[in-house]
Amino acid sequence: MLRNAPGRRIAQGAALVASAITIGAVHAPLAAQNTRVADPPARPTSIATMARGALAPGTFSLEQILSYPFVVEMVSSRTQPRFAWVVVREGVRNIWGAAGPDFTPHQLTDYRADDGQELTNLSISDDGRFVVFTRGGDHDANWDAEGGLQPDPNHSPVQPKIQIWAVAFGSAASASAPKLLADGDAPVLSPRGDRVVFIKDNQLSVVPLDGSAPAKSLLFSRGTVSSPVWSPSGDRLAFVTNRGDHSFIGVFSSDSAPILYLAPSTSNDMAPAWSPDGRRIAFVRRPGNGGAPETLLDLHPDPWAIWTADASTGAGHLVWQSPNTLRGSFPGDTHLAFAAGDRLIFLSDMDGWPHLYSVAESGGPPALLTPGAFMAEYVSETPDRSAIVYNANTGTTKGDYDRRHLFRVPVDRATPVALTSGDGLEWNPAISGDGRTVAFIGAGAQRPPLPMIVPLAGGTPRALSPEIIPQSFPTAGLVIPKSVVFRAADGTEIHGQLFERAGTDARMQTGMQSATKKPGIIFVHGGPPRQMLLGWHYMDYYSNAYAVNQYLANHGYVVLAVNYRLGIGYGHDFNNPPHAGPWGASEYQDVQAGAAYLRALPEVDGSKIGIWGGSYGGYLTALALARNSDVFKAGVDLHGVHNWIADFGSELTNQQLHYEKGDIKQALDVAWQSSPVASMATWKSPVLLIQGDDDRNVHFHETVDLARRLADHHVSFDELVFPDEIHGFLRHATWLTADRATADYFDRKFLGAAEATR
């Protein structure tokens, strides 16, 4: 399935927007015979723009709503009461830190440009003196760019690099500049605090933390090397070496000792985790790639197991084997770790929900730690390994299935305790090295994400730096989304969030719209394993979408965000439905049900329904316009998939090379019929296509191909192309341009007066 990259959040003034428009201009296609092509999105003197100026008091501009700060990458020191995180403000990324006991935050780096360079992979040295991080790259890509080129969304004439840096934790009064350690990615600090191992050219390299010597290769291992993990004492290193159809766990100790491979087999081994005493390593084992091809149109169990091995001899044994059921399938991220009492903790969907379990290393039945109809997500273990702090979509407040709260649970029994509650959202817990404080990221329906802390024993949460929210940010002007539930045609229960500004907006007052009716907009998220929430999102891509939905609601639209099947938050079966995506698009009926719900609202003009979304949401937007132009009258498609045959080309070709064909022919037919381009004959509604041409998640050709097909079928469309941008736009100026184009496009299509004067 398509994995959606969470995009980079944005916010900036009009001056930079003008620059972005010049770089990534809107290109209208050549007009087909007797077909009028839509105008470019930016229309400085349109009636829609005049309506903006006449809006009722309390409304806000796009620049204001997009000025929200975004906080990500909350991490803690392994032994010290120190935290670090990344703050993105108006596209500028910087690292912040806070040390106990007062946890007064201060900025560690002083980057000042919207250059589109990520700050990721943060870690704090055990002595708390340094923060190591990666600058640059695209860490949400589905594939590497040709030649290993790094993204250059700022069009720099100097080729960007992905690099390892270190900065002193210091204090507000003793800040220092970061030091470049090496070109590379995925740095891992040694517990001894003397060196950093990292990935370069799919192998392991090492560099001193103080930068006193240049980086060098650490070891050679055939295959692609990843997932390095230091032993607790820092004397050895476990890693994964992928050999194509199988993979091993290797243990490196010195240049003079051979690499030790743990219980090697034909399986795919991954996710190594050291025991506290450094004597054993736990890991995940999955079957190797091979065997007769499975049918594509059916769901099949994806078995996995937990093994441990002696870190000195390599001898291993099975600890736990997943049930051979759909719900027992490999969950993606297992959170495998050693816990107190010689237990192992892990995540599994085997009871129908993503829950935390623990099992004795000696084997036996696992203990369910987090029972209930909810999912556990971000997970952090206490320093003594006796308890876990996690966030989950449950609580005591109505609608908590569309929020996140923090909980603490011991590793050997199901007695969880809530650390946060209410109508806010809290995620990404990190526990201080002294085991007393939990740092996390918290937000609300109106308040954007902030770094926060709460005592591990329980208490009142406290925001660390509320001042990073600009004074001009329109907090009070944001609507409180309403949780709604409706049913698809097959009876599946679908959740969504309804955005609607109370009262009468200026366009109604000026007679530009029916006094009782508003246009309706459907928003569909990407992923597809995502969930839109009753507040600001923990992924920057969807915080941007949340901001746009708030803006549209504030300016006279009724917006419904649809959490369609394939998404997370509502159980394993909802997340893994049959006949979805390329194998039948069963989730599209949820989008149709959302439109029916929206059209039935008395305040919505059912003849003016639009749809927008990105990535997988772009796919569903295109599918809606292609299949149901009678319902969806305009759409904005950001970097969507339009032809499953092209998207899965090599995978499907490999299936065809097998003598055993399985259901490949039928699957190809279904994949084509599930593609928007298969319904071009009924696509009549106009669309705005938006994509960066360095997209590493959805091939840019998807938009190129669709544009040709739309022109051939005389369908009106606009284009907004960003040279050198990736899937989740890295520059805030790009997002501001794209978001403005989205809002203006719907204004032009649904404001009759504006349309008439074009």
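The values are calculated or read from the model by the stated rules, or taken from the named source; none is laboratory data. Note that the coordinates shown come from a computational prediction; the quantities given were computed from them, not determined experimentally. Note: ideal-geometry Cβ built from the backbone for every residue, glycine included; neighbour counts use all protein chains shown. To get the accessible areas, we keep the full protein, side chains included, count just its heavy atoms, and leave off ligands, DNA and RNA. Shrake-Rupley method; radii C 1.70, N 1.55, O 1.52, S 1.80 Å.
Some notes on this structure:
- Residues S256 and E603, FRET efficiency given R0 of 56 Å [Cβ-Cβ distance, rounded to 0.05]: 0.15
- Spin-label model, D194 to D490: label points 7 Å out along the Cα-to-beta-carbon direction sit 6.0 nm apart.
- Cα coordinate range in the range 693-751, projected on the principal axes (Å, largest first): 31, 28, 15
- Extended-chain gain in nm, criterion 0.36 nm per residue less alpha-carbon gap, Q471 and F700: 78.6 nm
- Span per principal axis, largest first, for the Cα atoms of the range 204-350 (Å): 56, 37, 28
- Highest average first, the peptides 582-592, 257-267 ordered by how many other beta carbon atoms sit within 10 Å of their residues are 582-592, 257-267.
- With Cα atoms, 0 to 90° folded angle of helix 664-673 axis to the chain main axis: 40
- Averaged over its residues, the chain has an accessible area of 37 Å² per residue, based on protein heavy atoms and a 1.4 Å probe.
- Cβ-placed point charges (K, R +1; D, E -1), dipole of the range 669-722 about Cα centre in debye, nearest 20: 220
- For H713 and S176, the FRET efficiency from 1/(1 + (r/R0)^6), where r spans their Cβ atoms and R0 equals 60 Å, is about 0.50.
- Principal semi-axes in Å for the range 203-275 [√(5λ), Cα gyration tensor, largest first]: 23, 14, 11
- Our analysis of the range 49-190 gives Rg over Rh at 1.07, with the two radii drawn from alpha carbon positions and Rh computed by the Kirkwood formula.
- Computed log₁₀ I(q)/I(0) - Debye formula, equal Cα scatterers, no solvent, the range 318-422, q 0.11 Å⁻¹: -0.32
- On Cα atoms only, tilt of 616-627 relative to the major axis of the chain in degrees: 30
- When the alpha carbon coordinates of the range 626-749 are projected onto the principal axes, the ranges are 53, 35, 21 Å, largest first.
- Straightening the chain between D201 and T266 buys 20.9 nm, computed as 0.36 nm per residue apart minus the Cα-Cα spacing.
- Against the chain, whose longest principal axis comes from its Cα atoms, helix 588-600 is set at around 50 degrees.
- Using the Cβ-Cβ distance between L318 and R385 with R0 = 22 Å, the FRET efficiency computed as 1/(1 + (r/R0)^6) comes to roughly 0.50.
- Average projected area [Cα convex hull, the range 523-651], square nanometres: 8.3
- Rolling a 1.4 Å probe over the protein heavy atoms of the range 610-718, with every protein chain left in place, gives an accessible area that is 52 percent carbon and sulfur.
- Note on the range 510-572: with neighbouring protein chains present and a 1.4 Å probe, carbon and sulfur make up 61 percent of its accessible heavy-atom surface.
- Placing a label point 7 Å from the Cα of D333 along the Cα-to-Cβ line, the residues of the range 401-421 whose backbone N sits under 17 Å from it are 403-407.
- Shape call, the range 447-602: gyration tensor on alpha carbons, a/c limit 1.5: oblate
- Gained length - R129 relative to F220, 0.36 nm times residue gap less alpha-carbon distance: 29.7 nm
- Applying both filters, DSSP loop and at most 14 other Cβ atoms within 10 Å, to the GluC sites (Glu not before Pro) of the range 611-708 gives E660.
- Seen from W230, the other residues with C-beta closer than 9 Å to its C-beta sum to a net charge of +1, counting Lys and Arg as +1 and Asp and Glu as -1.
- Whole-Å semi-axes of the ellipsoid equivalent to the chain (Cα gyration tensor, √5λ, descending): 42, 30, 26
- Vicinal HN-Hα couplings computed from phi for the range 391-396 (Karplus, 6.51 cos²θ - 1.76 cosθ + 1.60; Hz; Gly/Pro x): 10, 8, 8, 8, x, 9
- When only alpha carbons are used to place a centre, the range 107-126 and the range 385-443 end up 26 Å from one another.
- Here the spin labels are modelled as points 7 Å beyond Cα on the Cα-Cβ line, and at W143 and A418 they lie 4.7 nm apart.
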